[in-house]
1. Name, by its number, the condition in (1) surrounded by 14 or more Cβ atoms within 10 Å (Cβ to Cβ); (2) modelled with pLDDT under 90; (3) not in a helix (DSSP H, G or I) that does not hold for M1.
2. Can you name every residue in region 30-78 that is of a type in the set (V, I, T), assigned to a helix (DSSP H, G or I) and free of Cβ contacts under 8 Å to residues at least 12 places away in the same chain?
3. How do the pairs read when you match residues in region 121-144 that are farther than 16 Å from L167 by Cα with residues anywhere that are aromatic (F, W, Y), using Cβ under 9 Å and keeping only pairs 6 or more apart or on different chains?
4. So which residues in region 180-194 are of a type outside the set (V, I, T), surrounded by 14 or more Cβ atoms within 10 Å (Cβ to Cβ) and at pLDDT 90 or above, if there are any at all?
5. Working only within region 157-198, note down all residues that are touching a Lys or Arg at 6+ places or on another chain (Cβ under 8 Å) and small (G, A, S).
6. G172 - would you say it is under 30 Å from W28 (Cα atoms) and not charged (D, E, K, R)?
7. Go through region 179-218 and give me each residue that's part of a loop (DSSP other than H, G, I, E, B), under 26 Å from the mean Cα position of the chain (by Cα) and of a type in the set (G, A, S).
8. Restricting to region 69-126, count the residues that are loosely packed, with under 14 Cβ neighbours inside 10 Å, closer than 21 Å to F19 by Cβ and charged (D, E, K, R).
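The values are calculated or read from the model by the stated rules, or taken from the named source; none is laboratory data. Since the structure is predicted, the reported quantities are computational estimates derived from the model, not experimental observations. FYI the Cβ positions are ideal-geometry reconstructions off the backbone, even for glycines, and counts take in every protein chain you see.
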Amino acid sequence: MLSGFNLPEIRMNVGKTLFAHVMEFVPWKTFGRIIERHKGDACVRTLGCADLFRIMAFSQLTWRESLRDIDVCLEANQAKLFHMGIAAPPARSTLADALNLRDWRIYHALALRMVAHARVLYAQDPSVLDLDASVYALDSTTIDLCLSLFDWAPFRFTKAGLKLHTLLDLRGAIPAFIHISDGKLHDVNVLDILLVEAGSFYIMDRGYLDFARLYAMH
């Protein structure tokens, strides 16, 4: 008999997960058209492009560090996967194959679409330094890699590496341009492929000092 005892009320969460709310910001109809344009799901039986995106977004937000880490985390949260929009945890080999075979241009196009949407949302925010123009910061960072695993990205004699060149729109801290190169590409060479916006201000360090290129931008 439990009469006379004040038992705590037990509530079951039947609503959406936080991850599902975050995923609502993804333009899924646009994403579907991008996938169809690139025939991303042609001959795919399991783990289509949209499912792969959900899994990799979850992995990024939960700081997973390897395929094994992703697999273990998804298996541990099987009861929540349906509410997250993920049908079932894929086999590690299936996930590895999908990462190797899916067309990167699909996710590149989605990223550009979302960046464009974010810039519109921040368009009315006050400009940096009270300037009536866009202000961008240009810089690069080196991503160190293991030379034995990434021998296709030589950087120095003892290690591999990539360079991530980023142009940041300071109104909203939104990346407006990203270029990935090998670690040996000097920063100043990025000025040759940078699309310059007339009337804007560009902030960069002395690594981009090349008077001929800067004069061409001007």
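1. (1)
2. Selection gives V72 alone.
3. Matching pairs, first to second residue: L129/F201; L131/F201; D144/F155.
4. Scanning region 180-194 gives D187, N189, L191, L194.
5. Selection gives G172, A176, S181, G183.
6. Yes; evaluated as a whole, the condition is true for this residue.
7. Within region 179-218, G183, S200 qualify.
8. Qualifying residue count for the region: 2.
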